[in-house]
Amino acid sequence: MSTAVQLMTRDPRVILNALQDRVPHLVADVGVDDVWEREVRLLLRDSVAVRSLAERILGQGVAYLVTAMENPGVDMGVGYTVDLGVHQLILDTPLYFAFCEEYNDGRYKHHAPLIDRRRDGTVMRTAELLRKSGFEVDEELWSVDVSDCSPCDDKVPDSH
């Protein structure tokens, strides 16, 4: 008899909203239902024109940050498109600090981007790491920037 193993996919929306108790003022301040909705609206305000795309980008940004924090020292990088979601989360500093508390053992995870982009396959290797970490990978968002990685400086301690 074989035993079927069902893998659970980690849901970026659930992950983000689970942090809401640490930053309740963010939601109350703008009158939205949850942190996910807040971050989607901020993406729509600043950089993404279509809601469904903003949600996809935010979801991949959450997946990237969680994976980067859970895998310190692993060479990772995103392309321009997913980086919009990553930057949205980092710029909302109270939320980003809550992320660091939850997924980086309370330590601040620095964002220290290099100026020159890499074209060495890092983007798709990173997407595969997300998949191995239990996240659904939006292939279209990762492959659109496959040869245009925005890596961080590995000389900065605990950076992504």
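The values are calculated or read from the model by the stated rules, or taken from the named source; none is laboratory data. Not measured: the values here are computed from a predicted model. Because the Cβ atoms are built from the backbone with ideal geometry, glycine has one as well, and the counts that use them run over all protein chains shown. Side chains included, ligands, DNA and RNA excluded: accessible areas come from the protein's heavy atoms. Shrake-Rupley method; radii C 1.70, N 1.55, O 1.52, S 1.80 Å.
With a/c under 1.5 counting as rounded, go ahead and sort region 41-129 into rounded, prolate or oblate using the C-alpha gyration tensor (a ≥ b ≥ c being the square roots of the eigenvalues; past the cut-off, prolate if a/b is larger than b/c, else oblate). Because a/c hits 1.5 or more and a/b fails to exceed b/c, region 41-129 counts as oblate. Phi angles across region 24-40 convert, under the Karplus curve 6.51 cos²θ - 1.76 cosθ + 1.60 with θ = phi - 60°, into 3J(HN,Hα) values of x, 5, 5, 7, 5, 5, 10, x, 9, 6, 7, 5, 3, 4, 4, 5, 4 Hz, Gly and Pro given as x.
Extension gain, LEU114-HIS25: 0.36 nm per intervening residue step, less the Cα-Cα distance, totals 28.7 nm.
Rolling a 1.4 Å probe over the protein heavy atoms gives the chain an accessible area of 54 Å² per residue. Think of each Lys and Arg Cβ as +1 and each Asp and Glu Cβ as -1; about the Cα centre, that makes the dipole of the chain roughly 100 debye. Put a dot 7 Å past the Cα of MET8, heading toward its Cβ, do the same for ARG45, and the two dots end up 3.3 nm apart.
With the charge dipole of the chain set up from +1 on Lys and Arg Cβ and -1 on Asp and Glu Cβ about the Cα centre, the Cα lying farthest toward the positive end among the listed residues VAL82, GLY106, VAL50 is that of VAL82. Packing-based ranking of 127-134, 64-71 yields 64-71, 127-134, ordered from highest to lowest mean Cβ neighbour count within 10 Å. Between ASN17 and GLU70, the contour length at 0.36 nm per residue exceeds the alpha carbon distance by 17.2 nm. Once the chain from ASP34 to ARG131 is taken as fully extended at 0.36 nm per residue, the excess over their C-alpha distance is 32.4 nm. Of the solvent-accessible surface of the chain, computed with a 1.4 Å probe over protein heavy atoms with every protein chain present, carbon and sulfur atoms account for 53 percent.
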